[in-house]
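Heads up: the structure comes next, in structure tokens.
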Amino acid sequence: MDSRSSIGIFDSGIGGLAVVNTISRVLEQENLMYVADSKNFPYGTKTKNQIAQFSERITRLLLKKDVKAIIVACNTVSSIAMPLLKEISYPVPVFGMIQSGAILAVKTTKNKKIGVISTPLTAASHAYKKEIRKLDDSIEVFEIGSQRMVNLVENGNKTRERAYELVKGKLQSVISAKIDTLVLGCTHFPFLDKVVKNVVGKDVKVVDPADELVLKLGEFLKLNNLINKSLGINTRKFFTTGRKEEFLIKAKLFLDDFPKEVHKLDV
Ligand code: DGL
């Protein structure tokens, strides 16, 4: 492992491509490797043990491919399985989404009322509430989950009328709670951010944990002398456990700089 090694990123499907977009924008010189576990999508309806098992296998596969850091670009894995992943000692750091989302939300809120929209599993784990309260225990946190919003994005519907109605219905309770900050606590949701912003209105700041995570990742690389200095030859490699054609169609919709090829990975 050296500075030219890749940053490994994984998610249950295409949601983590939003994290790829953010890392590509901020740390553009880095080589990236992305795994979409589309065969096992959605994680939001799986058990804790299943999620831990999938994540552990993907983490090991990424390690074999020479990575210098791993990003668990899935809030459900980060909230449900991260404690189990942390018990295993990996040779590279494994970053989850929750702490970054919590830090960003606490920095953003003024009225100390934060909403978090995620998968139902993440919401039920109260991972965000716990992390936010560690930073400031006077903050009120309202967590809501929607698996239908995840499926809507995964199926490629990001702007349709249906999305607006669905998001509006889901966010009604947090709007009534007078939150001033909403965390997109699922990696699929930044692809619905226009719809979400429309629904919550301009007085609510919508925050994406990836914006904080990328800063943390950049700091880690700098501190450990791992910033890739080979300018101009950065690579993006994509793997899916599902159907390659399907991944490419979706990647065209969701990636700023879409790939021409994707490799099949058996998990
Ligand atoms: N994108 C994932 C997350 O951030 C989970 C979606 C799913 O597979 O249910 O939670």
Hits in segment 128-171 (condition: open to solvent by less than 20 Å² (accessible area, probe 1.4 Å), under 21 Å from the mean Cα position of the chain (by Cα) and over 28 Å from GLU246 (Cβ atoms)): TYR128, ILE132, VAL141, LEU171
Looking only at segment 35-53, and only at residues there that are over 22 Å from VAL183 (Cβ atoms), more than 10 Å from the ligand (Cβ to nearest atom) and assigned to a helix (DSSP H, G or I), the one that is least open to solvent (accessible area, probe 1.4 Å): ALA52
Positions within segment 1-17 being over 20 Å from ARG57 (Cβ atoms) and surrounded by 24 or more Cβ atoms within 10 Å (Cβ to Cβ), in sequence order: LEU17
Members of segment 193-233 that are of a type in the set (S, T, N, Q) and part of a helix (DSSP H, G or I): ASN198
Selected residue [in contact with a helix residue (DSSP H, G or I) (Cβ under 9 Å, 6 or more places away or on another chain) and closer than 28 Å to GLU28 by Cα] from LEU226, LEU171, LEU152: LEU226
Residues of segment 99-116 satisfying the condition of being part of a loop (DSSP other than H, G, I, E, B) and of a type in the set (D, E, K, R): LYS110, LYS112
PHE239 vs. criteria in contact (Cβ under 8 Å) with a residue 24 or more places away in the chain, touching a His at 6+ places or on another chain (Cβ under 7 Å) and farther than 17 Å from LYS113 by Cα: yes
Residues of segment 58-88 classified as acidic (Asp, Glu) and farther than 23 Å from LEU121 by Cα, total: 1
Selected residue (criterion: nearest to ASN228 (Cα to Cα)) from residues of segment 20-31 that are open to solvent by less than 10 Å² (accessible area, probe 1.4 Å) and touching a strand residue (DSSP E or B) at 6+ places or on another chain (Cβ under 6 Å): GLU30
Flag for ILE227 being in contact with a Phe, Trp or Tyr (Cβ under 8 Å, 6 or more places away or on another chain) and either of a type in the set (D, E, K, R) or modelled with pLDDT of 95 or more (or both): no
Candidates LEU152, LEU192 - the one that is in contact with a His (Cβ under 9 Å, 6 or more places away or on another chain), within 16 Å of the ligand (Cβ to nearest atom), closer than 21 Å to VAL77 by Cβ and at pLDDT below 95: LEU152
Selection count, segment 64-98, where residues are over 19 Å from LYS48 (Cβ atoms), open to solvent by 40 Å² or more (accessible area, probe 1.4 Å) and either among the charged types (D, E, K, R) or not in a loop (DSSP other than H, G, I, E, B) (or both): 3
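The values are calculated or read from the model by the stated rules, or taken from the named source; none is laboratory data. Here the structure is a predicted model, which is why all the values come from computation and not from measurement. Note that we place each Cβ from the backbone using ideal geometry, even for glycine, and neighbour counts take in every protein chain shown. Accessible surface is based on the protein model in full, side chains and every heavy atom, while ligands, DNA and RNA are left aside. Shrake-Rupley method; radii C 1.70, N 1.55, O 1.52, S 1.80 Å.
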